[in-house]
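Heads up, the thing below is written out as C-alpha cells.
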Amino acid sequence: MRLRSPHSAGVQPVEDRSAALDLTGPDWARLTDVTGKDQVFARDLVAQEGWAALAGELGDEQAYAFAARTALMWLRPDAFAAGTAGEVLAATVGAGFRPLAAQPVRLERCAVRALWAYMCRWATAERLILMDAIAELGPGLLVLWADGTGGPVSSRMTAVKGRNDPARRRQGTLRDVAGSPNRALTMLHTTDDPADVVRELAVLCSWPERTGLITEAATRLRDGHSADLDHALRDIERDLPPLGLPVPEAGAPAPSVHELHTGPVDKRWAALVGASESWPLLRRTPGPAAWPEQETRSPWQ
C-alpha cells in the first residue's frame, strides 16, 4: 500500500496506518551504481522517508523515473553571500538544464550533519564548525532540474558542478562560475545519483514541502515548462544580501569560533571566509566508510 499525501486528488483516508507508514523503501540498486551504497541506503531512515514521499505521490515506477530524470541542487548561503547565486543559476541553464521547481531552504545543525553524513569522513572538527556557520548565514535555494537527455541527470550535473578543490577544478564549471575559493566555500551542493535525489529531498524539506516540490516538478517534467527562479532568488537576497567575497588580510590571526557565530552577518561572513582559508579542513586519517568506493577515495591524492 502506498502512502498518499493528504492533498492528492481523489485519495481516500488510509485505514491501515501500519501499512501506510511502512518505510521499507525501494530496490536501491535501481537508483545507484555505486557498490554497497544500495545496502547502506536500505538501512537509512531518511532515505526511506524520501522514498515514501516520492512513491506516495507518484507511484513506484514513476518515482524511479523521477529520481533518474531530475537532479537536486542546493545553492548554498555562501553563494548568496558572495553575490554569485544568480550567475550560477544562469550558467546551469546555459549548460542545458531546465529548472522544474524551487524552494528556499534554511538548514539547521542536524540537517547539515544529515546532508553530508556519508561524505564527511575526512572532515576535521573545524570543517564541521564552518559548515554550521555557512548554514547560519541564511537560506539557500533548493532547485530540481531536468536536462532532457533521458539519462541520470544527477550524473551530468555532478560533472558540470566541478571539483571542490580549486586546484583540480576545470574552468567554466559551476563552482568556477561561483568563485568558490577553497574546499569549504564550495557554494553549491548537488546530488550524485538518483538515490541521492530520493534521500536529500527528505533531508532538505519537510514532508509538506517535499510533496509540493515533487508534484510541481513532476508536472513540469510532463509539460516541458520551466520554473521561474527570479522570485525565489530575490526573496533570498532580501534575507541575505550579496556581500562579495572579502580577501583575508595577510598575517591576520585566524578567526575564533565565536566570531563565526555572533554579530551582524557581514562580520560573520568575513570571519567565515578567513577561517576557511586558515583552519585545517582535512584529517590525515579518515573516519569510517559507508560503502567500498569511499575506502579508495582520498582528497589527499
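The values are calculated or read from the model by the stated rules, or taken from the named source; none is laboratory data. Predicted model, so just to flag it, every value in this text is computed and none were measured. When we count neighbours, we look across all protein chains shown, and the Cβ atoms used for this are built from the backbone with ideal geometry, even at glycine.
Answer yes if at least one residue in the stretch 48-62 is without any contact (Cβ under 8 Å) to a residue 40 or more places away in the chain, out of contact with any His (no Cβ under 8 Å at 6 or more places or on another chain), under 20 Å from ARG113 (Cα atoms) and not aromatic (Phe, Trp, Tyr), and no otherwise. There is at least one residue in the stretch 48-62 that is without any contact (Cβ under 8 Å) to a residue 40 or more places away in the chain, out of contact with any His (no Cβ under 8 Å at 6 or more places or on another chain), under 20 Å from ARG113 (Cα atoms) and not aromatic (Phe, Trp, Tyr).
I'd like to know if the stretch 108-117 contains one or more residues that are surrounded by fewer than 17 Cβ atoms within 10 Å (Cβ to Cβ) and among the aromatic types (Phe, Trp, Tyr). Yes - at least one qualifying residue is present in the stretch 108-117. The residues in the stretch 239-273 that are acidic (Asp, Glu) and buried (at least 17 other Cβ atoms within 10 Å of the Cβ) can be counted, and the count is 1. Is it the case that GLY83 is surrounded by fewer than 24 Cβ atoms within 10 Å (Cβ to Cβ) and modelled with pLDDT under 95? Taking the combined requirement at face value, the residue does not satisfy it. Among all positions in the stretch 156-171, there is at least one residue which is surrounded by 20 or more Cβ atoms within 10 Å (Cβ to Cβ), closer than 12 Å to ALA95 by Cβ, in contact with a helix residue (DSSP H, G or I) (Cβ under 7 Å, 6 or more places away or on another chain) and not hydrophobic (A, V, I, L, M, F, W, C). Within the stretch 151-171, the residues that satisfy the criterion of being outside any helix (DSSP H, G or I) and touching a residue at least 12 places away in the same chain (Cβ under 8 Å) are GLY151, PRO152, GLY162, ARG163, ASN164, ASP165. The set of residues from the stretch 172-192 being over 12 Å from the mean Cα position of the chain (by Cα), part of a loop (DSSP other than H, G, I, E, B) and hydrophobic (A, V, I, L, M, F, W, C) comprises ALA184, LEU185.
In the stretch 93-146, the qualifying residues are those that are out of contact with any Gly (no Cβ under 8 Å at 6 or more places or on another chain) and of a type in the set (Val, Ile, Thr), and the one that is nearest to ILE214 (Cα to Cα) is VAL143.
Scanning the stretch 256-282 for residues that are of a type in the set (Asp, Glu) and farther than 12 Å from ARG183 by Cα, which turns out farthest from the chain's Cα centre (by Cα)? Per the criteria, the residue is GLU259.
Do we have any residue at all in the stretch 193-207 that's assigned to a helix (DSSP H, G or I), modelled with pLDDT under 95, closer than 30 Å to GLN39 by Cα and out of contact with any Asp or Glu (no Cβ under 6 Å at 6 or more places or on another chain)? Yes, the stretch 193-207 contains a residue that is assigned to a helix (DSSP H, G or I), modelled with pLDDT under 95, closer than 30 Å to GLN39 by Cα and out of contact with any Asp or Glu (no Cβ under 6 Å at 6 or more places or on another chain).
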